[in-house]
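Here the structure is laid out as structure tokens; the discussion comes afterwards.
Each value in this text was obtained by applying a stated rule to the coordinates, not by laboratory testing. Since this is a predicted model, take the numbers as computed values, not measurements. Cβ atoms come from the backbone with ideal geometry, glycine included; neighbour counts cover every protein chain shown.
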Amino acid sequence: MDKQDLWILDGGMGRELSRRGAPFCQPDWSSLALIEAPQTVTAVHQAYVDSGARVIITNSYALVPFHIGAERFAAEGETLAALAGKLARDVADEQEHSVLVAGSLPPLFGSYRADLFNAEKVSELATPLIRAMAPNVDLWLAETMSLIAEPLAIKALLPQDDKPFWVAFTLEDETTAGEPKLRSGELVADAIEAMLTVNVDAILFNCCQPEVIEAALKVASDRLDELGRNDIRLGAYANAFPPQTKEATANEGLDEIRSDLGPLDYLTLAERWRAAGASLIGGCCGIGPEHIEALTQRLR
């Protein structure tokens, strides 16, 4: 299939669960609904499919000790990940048209915290998630990656199942005239080259300001062209948070949602991503079904 064939992804899970009245608090984030109200997780998946999403992402982002604590992770992490995979799979299988399930492999040591990465503990945290979700996912998505080393380490743990491997990097939110960077300070161009060494199928940018994504897509597209790798898909799914500082930590509290990113505002930015080469477009934190519907109606 042509890599420019547009696929619409889903939007954010946590804020949509909260909006629907599901149990939701820090530090548990979206995992609390998985534990106490899994039917709400199903409803959110269905809402995104109804809005036009062709890919839904498992609600496994918060199933790491950073969110649920080391004790609960050890006791229930794998079981909860299996449930997250099954809930998404059940929704996908009920549709008359094809819907793919992406297995979310989150930043294992905390969102935006490249400084906390610990290579020696990657297997301990990632392996239970991978093992639990493997039966129910169509592709693997290492998302909100702040540094190059983490998706490389995750890829080494994936089963030899021939399922596509997508990596979504989160970018520095500050808009500058310099080259776009990951939150680690590493250059996007270097991240692109590194991902080619592990046969990545798609490279995306997510959970950052939508305004910084276009420049990253252009760098990625140019670098892939230079390397003769036009088979790699590019994509984007931004959040609706105000800019996050380098000192920000994901569990300090709930971030405000920008008032200037309604569905049509987000669509305007997404059209620029599409022009820059993105063929996988959705939303992250604070981007809901109404945004995905706008993308579906205007982009596809």
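Before rounding to the nearest 500, sum -39500 (n - 2.57) across all DSSP H runs of length at least 4 in the chain and divide by the residue total; then give [θ] at 222 nm in deg cm²/dmol.
Computed mean residue ellipticity for the chain: -12000 deg cm²/dmol.
Among 96, 143, 179, which one shows the highest mean-square fluctuation when the chain is modelled as a Gaussian network with alpha-carbon springs under 10 Å?
Checking each option, the largest mean-square fluctuation is seen for 96.
With a 10 Å Cβ neighbour count serving as the proxy for reagent exposure, in which order, fewest first, do 123, 111 appear? The partial results should precede the final answer.
Working: 123 15, 111 24.
The fewest-first ordering by Cβ neighbours comes to 123, 111.
Please work out the Cα center distance from segment 256-276 to segment 23-86, rounded to the nearest Å.
26 Å
Looking only at 53, 149, 168, which one moves most when the chain is put into a Gaussian network model with springs between Cα atoms under 10 Å?
Residue with maximal mean-square fluctuation among 53, 149, 168: 149.
For residue 168, what residues show an amide H to amide H distance below 5 Å, using hydrogens built from the backbone and excluding near sequence neighbours?
Distant-sequence amide H within range of residue 168: 142, 143, 144, 145, 204.
Kindly work out what percent of the DSSP beta bridges joining two residues of segment 7-286 are antiparallel, to the nearest 5. Could you put the intermediate results ahead of the total?
On the way: 2 of 29 bridges.
For segment 7-286, the DSSP antiparallel bridge percentage is about 5.
So for 172, 186, fewest C-beta neighbours within 10 Å to most, what's the order?
Values: 172 23, 186 17.
Result, fewest neighbours first: 186, 172.
Quickly rank 101-108, 84-91 as a protection proxy: mean count of other C-beta atoms within 10 Å, highest first. It would help to have the intermediate numbers written out before the result.
Numbers: 101-108: 26.4, 84-91: 22.4.
Top to bottom by mean Cβ count within 10 Å: 101-108, 84-91.
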